[in-house]
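J.: Questions regarding the structure given below will be posed in turn.
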Amino acid sequence: MRVENSFIPVRGVGETTERRLWADDITHWDDFHPSAVGHKTGERVESFIDKARPRLDAGDAAFFDRAFPSGERWRLYENFRESACFFDIETTGLDHDRNKVTTVSFHRDGETTTLVRGDDLTAENVRAEFDAADLLVTFNGKRFDVPFLESSFGLDVGTPHLDLMYTCKKLGLSGGLKPIEGEIGIERDRPDISGRDAVRLWKEHERGEDGSLETLISYNREDAVNLRALADEATERLDRRKFVDG
């Protein structure tokens, strides 16, 4: 589903009204006519469409992030998928006030970049990755990854953010990233490694054990890359459930 198929950002248009519009073959902004919903609501829909078209042409994801209800922001994904940054962090623990970020992997445009503590993991480099993206995609990033980075590097992350943990919950998929990947058929090169192993691998690296950092980086990069496959599958399933099947 694309944002142009959506009317739910408009005051007075809820899920029931939107589904009725779709059922009446009004499935795109171009199909809309005010008489389909009544005068006042029709004027609001037309006003929204008039404002939204140039914002979409300009690639203004933030406009739609503000406009859509939080539970429906997954609809931004298809429009902004190619300019999205899929990212994941590894840390020495769960407390962002006491623990440290060890690696951060960013996947965008088919390329993956990993920043490593003590090397190139700096506030400037993290900010540059975010600034280059129109949409951030994570799993549990709103509660963990973003607050951790903000606290650790003094950042204020304002880029629109799709957290797939909540997207998956809309599909009845709960639990951690790896169990959900397995449930929908996403395979891993190293399924035996966990987040707890990532902490251990960093400690081994600090002790100078060969191969530990390389294994940690590989694990972190796979997390980021797999987010693309998960986002594709989850939004496609929601699309079929909401828009195609009704």
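J.: Being surrounded by fewer than 18 Cβ atoms within 10 Å (Cβ to Cβ) and under 19 Å from T91 (Cα atoms) is the filter here; which residues of the range 200-212 pass it? Spell out how you get there, then give the answer.
T.: Filtering the range 200-212 down to residues surrounded by fewer than 18 Cβ atoms within 10 Å (Cβ to Cβ) leaves 200, 203-204, 206-212.
Passing the criteria: R200, K203, E204, E206, R207, G208, E209, G211, S212.
J.: Here's something else I'd like to know. Report, by residue number, each residue of the range 4-35 that is open to solvent by less than 20 Å² (accessible area, probe 1.4 Å) and either touching a Leu at 6+ places or on another chain (Cβ under 9 Å) or over 19 Å from A61 (Cβ atoms) (or both).
T.: F7, V13, E18, L21, I26
J.: Looking at R55, R73, R81, which one is under 18 Å from F7 (Cα atoms) and in contact with a strand residue (DSSP E or B) (Cβ under 9 Å, 6 or more places away or on another chain)?
T.: Details: R55 fails: in contact with a strand residue (DSSP E or B) (Cβ under 9 Å, 6 or more places away or on another chain); R81 fails: under 18 Å from F7 (Cα atoms).
Just a single option satisfies the conditions, and that option is R73.
J.: Oh, and also: Return yes when L173 is within 17 Å of N226 (Cβ to Cβ), under 18 Å from the mean Cα position of the chain (by Cα) and part of a loop (DSSP other than H, G, I, E, B) and no when it is not. Walk me through how you get there before you give the answer.
T.: Details: within 17 Å of N226 (Cβ to Cβ): yes; under 18 Å from the mean Cα position of the chain (by Cα): yes; part of a loop (DSSP other than H, G, I, E, B): yes.
When the stated conditions are applied, L173 passes them.
J.: Kindly evaluate R98 against the criterion of being surrounded by fewer than 17 Cβ atoms within 10 Å (Cβ to Cβ), part of a loop (DSSP other than H, G, I, E, B) and not acidic (D, E). Working first, answer last.
T.: Numbers: surrounded by fewer than 17 Cβ atoms within 10 Å (Cβ to Cβ): yes; part of a loop (DSSP other than H, G, I, E, B): yes; not acidic (D, E): yes.
It is true that R98 is surrounded by fewer than 17 Cβ atoms within 10 Å (Cβ to Cβ), part of a loop (DSSP other than H, G, I, E, B) and not acidic (D, E).
J.: Within the range 49-66, track down each residue that is open to solvent by less than 30 Å² (accessible area, probe 1.4 Å), in contact (Cβ under 8 Å) with a residue 40 or more places away in the chain and assigned to a helix (DSSP H, G or I).
T.: A52, A61, F64
J.: What pairs come up if the first residue lies in the range 165-183 and is under 16 Å from V137 (Cα atoms) and open to solvent by 10 Å² or more (accessible area, probe 1.4 Å), the second is hydroxyl-bearing (S, T, Y) and outside any loop (DSSP other than H, G, I, E, B), and their beta carbons are under 9 Å apart, counting only those six or more places apart or on different chains?
T.: Filtered contacts from the range 165-183: M165/T138; Y166/S70.
J.: Which ones in the range 214-232 are touching a helix residue (DSSP H, G or I) at 6+ places or on another chain (Cβ under 6 Å) and surrounded by fewer than 20 Cβ atoms within 10 Å (Cβ to Cβ)?
T.: T215
J.: Select from the range 1-47 the residues that are in contact (Cβ under 8 Å) with a residue 40 or more places away in the chain and assigned to a helix (DSSP H, G or I) and write down the one among them that is nearest to the chain's Cα centre (by Cα).
T.: V3
J.: In addition: Can you tell me which residues in the range 114-164 are among the charged types (D, E, K, R) and assigned to a helix (DSSP H, G or I)? So that I can check it myself, show each step before the final result.
T.: The first filter runs over the range 114-164 and keeps only residues among the charged types (D, E, K, R), leaving 117, 119-120, 124, 127, 129, 131, 134, 142-143, 145, 150, 156, 163.
Within the range 114-164, E124, R127, E129, D131, K142, R143, D145, E150 qualify.
The values are calculated or read from the model by the stated rules, or taken from the named source; none is laboratory data. None of these values were measured; they are calculated from a predicted model. For neighbour counting, all protein chains shown are included, and Cβ atoms are generated from backbone atoms with ideal geometry for every residue, glycine included. Surface accessibility is based on the protein's heavy atoms, side chains included, excluding ligands, DNA and RNA. Shrake-Rupley method; radii C 1.70, N 1.55, O 1.52, S 1.80 Å.
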